[in-house]
Structures are given as C-alpha cells and as structure tokens.
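Here the structure is laid out as structure tokens; the discussion comes afterwards.
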Amino acid sequence: MMNGRSLRFRMMVLFCTVVSVLLAASYLAFWALLAHEVSAQLNRQLQETARPILADLIAEPDSQDINRMDIAGQFFELLNTSGQVLQRSRNLEAPIDLKGSGPSVSQATFGFASLSTGEPVRIALMPLQQGAKSLVLVVAIPTFGTNRVFDSFGRIALLLFPVSLLATALISSLYVGRSLAPITQLTEHAALMANRVMNREGFWNPLLVSSPHDELGRLAGTFNHLLQSVDSAVRQLRQFVTDASHELRTPIAVLHGETELMLSKPRTADEYRETLCVFDDEFKKLTRIVEGLFTLSMADAGQLHLVCEPLYINEVLEEACALVNSRARAKNINIVRELDQEIPYFGDEAFLHQLFLIFLDNAIKYSPSETSVRVTLENRHGEVRARFADQGVGISSEHLPFIFERFYRAAPVSSGEAQSGGLGLAIAQAIVRAQAGSIECESTPGAGSSFTVVLPMTPPNQADTEATPKRKLILR
C-alpha cells in the first residue's frame, strides 16, 4: 500500500511539475507576445504622430513650429547629428534623456527614454534632411498606461499561477488515483495470492476486469491468466507431492515393519527367505515408482530422447503379451491377440515395449476372472493403431478427463495386486507424445474399457530404409 501511495505521489509531483513548466512557459510566451504587440502599437502611434511634423519641417526648414507645440501626452525635440537640441515642445522643461540612443540614425529607430521628471516614455528617432543638414526628430509619448497593463497582467499571473497549480494538483490527484486504482488492485491481489501460497490456503481468486478492451483491462486479464496458470501448477505440484509421498510411504512402511518383525527374534531360513521375498516385491514397487517419476521428469523437461530403429511393431506387442500371459492365466483371463499382420515401424523398442505393458497390466488388473482382453494391431491411413479392450470395471464419464494425470486412479485396486503407483497412464501418454502420437479411450462402467494407441508411420532416413527390421522368437 505504501508503494502504491509513493507511486501515486511521484506521478502527481511529476504531473504538477510538467504542468507548472507548461503554465510558466505559456505565461512568459503570452507576456512576450503582449509586450511585442504593445510596442508595435506604440511604434505605429509614434510614426503617425511624426509623419505630418516631418513633412512640415521639410517643407519649411526655417519654421519654429516645434517650439510652439504643447500637446498633452506628446513631446517633441529637433536635434542635429551632434545631439544639440535645436527645438523642443513647450511641455518639455528639459531635454529628453535618450538613455544612450544617439542622434546619428539613418532610419526610424524606436526605444525607451525618460523625461526630466523621471516619467518613462516611448521614443521614435526619425531622421530628415533640410538641405545639406541632417537632423533628427524625436517624438515621445508616455508609457504609463502600458506599464499599468503590464503590472496588472503580472499581478493576475502571480495570482493565477498558484491557483492553477493547486487546481492541477487536485485534478492530477483524482486522475492519477483513478488511473492507478487497477494497478493497486493488481498489486494487492498478487500480494494476497502470495500470502495464500505461503499459508497454504485456497489460491485462485480472479481479479475483476472492468474494461477488458483498454490497456489496464488487458493487463488485468493477463494477470488472471498468469495466476490461473500458477494456481494450476501449484495445485498439481501439491497433489503430486502428496500422492508421491503416499505411494512411497506404503512400501517403506512394509519394509520397516518386516525388518522389525524379522529382528524381533531368531528366524528360520524359510522365514528369512519369505521376508526377503517381501523385500524384493516392495523394492520392485519402489523401483517402478522412482523410474516412472524419472521418466515423467525427463518428459516434462523435453529430454525424453528416443533411440529409434527399424523393427516389426507387431513382434514388440506380441512379446509384451507373452510377458503378461502368466499373470492373466493366474486370474483366468484370456488374452485374445489379432497380430497376424506384419507392420514394419521405426521407433524406440524399449519405450514401445513399456507402453504396451502399461495397457496390458491395467487391462488385467481391472478385469474380473473368467474374462478376456482383446489386443489388435492394424496399419490404417499411415497410422499404426494398437487397441487394448478389456471386460473390466470400466471408467465413469466424470473420471475420463483425469485418467492421464499422475497418481490418479479411476477405480480402487484390490489388495494383493501389483500396483503401478498411479503413474502408468501418465507415462504412457508421455511416451506416445514423444513419438508424435495420441491415445483414444472409450469406456462403459461395468462393461469394460478400450484404449487405442495411435502412432504415425514416421519415415526413416535413407540408411534406415535399407535396413531390415529385427525379428524375434516369441514364446507364447
């Protein structure tokens, strides 16, 4: 809040400074324009006054008309080139103080001077020729009225300037406050979100966007999108840590309990062997979880590198079916294979093997006894489609969007069965995406599920095209 007020104060000071400079520049410019216009008006008045007198002096060189002139508000002198006063009007008690303006001029010259009484006047020095003599007519008019105008303008400007600054400060305070209000709300909202993250409270609370089409509205929308993404990432991270710790806790607790039981009293060799078998099973579970987490972390970092080579993908799938056949027979589940078509493919054999095992394990795990799992493989429209259909418990529609999330289970696993740690489908999706493929799922609760892996027929390079895919001996 203090930072927001400080920013508001700085912006208001900046705004007032800029406005004060502009006001001062405007006043000075107006002052200069007024002074120029008043001086021009006085100069025109002096020229109009001097014109008939100059004509009379040129027409009658010996006349003494200037000595007889006594016009209120107008003063005249006739000078020679050395500055000697030849004639002056009767209303002048002493020569005009020209303040450095010399009488030797070749054209009309204007300036300021003062009378003997100290009164300031505007003068015009008008050169003329009387035969061979060069003379200068000095015409002066008082500037008392114009000085009053300038004084009045200065007083008004001095009064209006602080009033204008005060009004500007008030307006800028309101304007800056309204302009910074959305930014202040964004700051407070971000601070609230940070506090909720630190306190592990509910996180996401969108910011109200009042004007979505202006700059601040778009900024608020961007903040909402950013916070929503952060919220999703934080929730996934928390859920991942919670689920991972839960999955790791179970085998560790079993290992700890078996160890305490084994050490509680002397055991026979068969008992030690049985306990070591339990250790082996739990270590295998831990290994699968850790390896699955490592695979997913590599996929998240874009480092899931495939070692592709030419192969027959039907043989890879056939080998995976042979590996799970014993588990299927233990539950009286029949694996029906339709893998007669040879399909050459260019891919990573290890990852393809792991991919097929994930779907076969899940099909056996979630299927009741005396059912069948149908496995088909076909090459259609430049795509390899491997389909795994079971007759298990199925997946309800509300669970389908989440089945590929880590540690998510759409159905409980019965005790005693091998567990994948809830990472199987997430790993499968990462492998398929690494090979530019996709996974399709159809499921009916109580009737079974069908997963279809769609992989593009990626063309190999020239060397790979000439290579012959490896053949394998499959024991069924």
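The values are calculated or read from the model by the stated rules, or taken from the named source; none is laboratory data. Because the structure is a prediction, the values reported are computed rather than measured. Note that we place each Cβ from the backbone using ideal geometry, even for glycine, and neighbour counts take in every protein chain shown. We work out accessible area using only protein heavy atoms, side chains counted, and drop any ligands, DNA or RNA first. Shrake-Rupley method; radii C 1.70, N 1.55, O 1.52, S 1.80 Å.
Quick rundown of the values:
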quantity: Cβ pairs under 6 Å, 6+ apart, first in the range 230-251 and modelled with pLDDT of 70 or more and part of a helix (DSSP H, G or I), second among the hydrophobic types (A, V, I, L, M, F, W, C) and open to solvent by 60 Å² or more (accessible area, probe 1.4 Å); calculated: Asp231/Trp204
quantity: Residue list for the range 377-388, restricted to those being under 17 Å from Leu357 (Cβ atoms) and either modelled with pLDDT under 90 or open to solvent by 20 Å² or more (accessible area, probe 1.4 Å) (or both); calculated: Arg387
quantity: Hits in the range 71-102 - residues which are open to solvent by 40 Å² or more (accessible area, probe 1.4 Å) and not in a loop (DSSP other than H, G, I, E, B); calculated: Val85, Leu86, Arg88, Asp97
quantity: Search result, residues across the range 370-385 that are within 20 Å of Ala447 (Cβ to Cβ) and touching a Ser or Thr at 6+ places or on another chain (Cβ under 7 Å); calculated: Val373
quantity: Residue match in the range 194-201 (condition: modelled with pLDDT of 75 or more and either closer than 30 Å to Leu23 by Cβ or surrounded by 12 or more Cβ atoms within 10 Å (Cβ to Cβ) (or both)); calculated: no
quantity: Test: residue in the range 118-126 that is part of a loop (DSSP other than H, G, I, E, B), closer than 24 Å to Ser152 by Cα and free of Cβ contacts under 8 Å to residues at least 40 places away in the same chain; calculated: yes
quantity: Val163 being part of a strand (DSSP E or B), out of contact with any His (no Cβ under 9 Å at 6 or more places or on another chain) and either surrounded by 15 or more Cβ atoms within 10 Å (Cβ to Cβ) or of a type in the set (Val, Ile, Thr) (or both); calculated: no
quantity: Condition check for Ala40: part of a helix (DSSP H, G or I) and of a type in the set (A, V, I, L, M, F, W, C); calculated: yes
quantity: Matching residues, the range 253-267, being in a helix (DSSP H, G or I) and open to solvent by 90 Å² or more (accessible area, probe 1.4 Å); calculated: His256, Glu260, Leu261, Leu263
quantity: Qualifying residues in the range 268-300 (those that are touching a Ser or Thr at 6+ places or on another chain (Cβ under 9 Å) and modelled with pLDDT of 80 or more) - the one farthest from Leu248 (Cα to Cα); calculated: Thr275
quantity: Some residue of the range 282-292 being farther than 22 Å from Phe407 by Cα and among the aromatic types (Phe, Trp, Tyr); calculated: no
quantity: Residue among Phe283, Phe294 that is within 17 Å of Ile358 (Cβ to Cβ) and open to solvent by 100 Å² or more (accessible area, probe 1.4 Å); calculated: Phe294
quantity: Residue match in the range 337-359 (condition: of a type in the set (Phe, Trp, Tyr), under 26 Å from Ser449 (Cβ atoms) and touching a Gly at 6+ places or on another chain (Cβ under 9 Å)); calculated: yes
quantity: Cβ pairs under 7 Å, 6+ apart, first in the range 19-42 and under 18 Å from Ala169 (Cβ atoms), second open to solvent by less than 50 Å² (accessible area, probe 1.4 Å) and of a type in the set (S, T, N, Q); calculated: Val19/Thr168; Leu23/Ser164
quantity: Flag if Val316 is of a type outside the set (Phe, Trp, Tyr), under 30 Å from Asn379 (Cα atoms) and open to solvent by 60 Å² or more (accessible area, probe 1.4 Å); calculated: no
quantity: Selected residue [at pLDDT 85 or above, open to solvent by 50 Å² or more (accessible area, probe 1.4 Å) and under 30 Å from Leu166 (Cα atoms)] from Leu14, Leu7, Leu33; calculated: Leu33
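Each row is one residue, and each column tells you yes or no for (1) at pLDDT 90 or above; (2) surrounded by fewer than 14 Cβ atoms within 10 Å (Cβ to Cβ); (3) under 16 Å from Gly347 (Cβ atoms).
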position	(1), (2), (3)
Ile395	no, no, no
Leu400	no, no, no
Gly416	no, yes, no
Ala430	no, no, yes
Ala447	no, yes, no
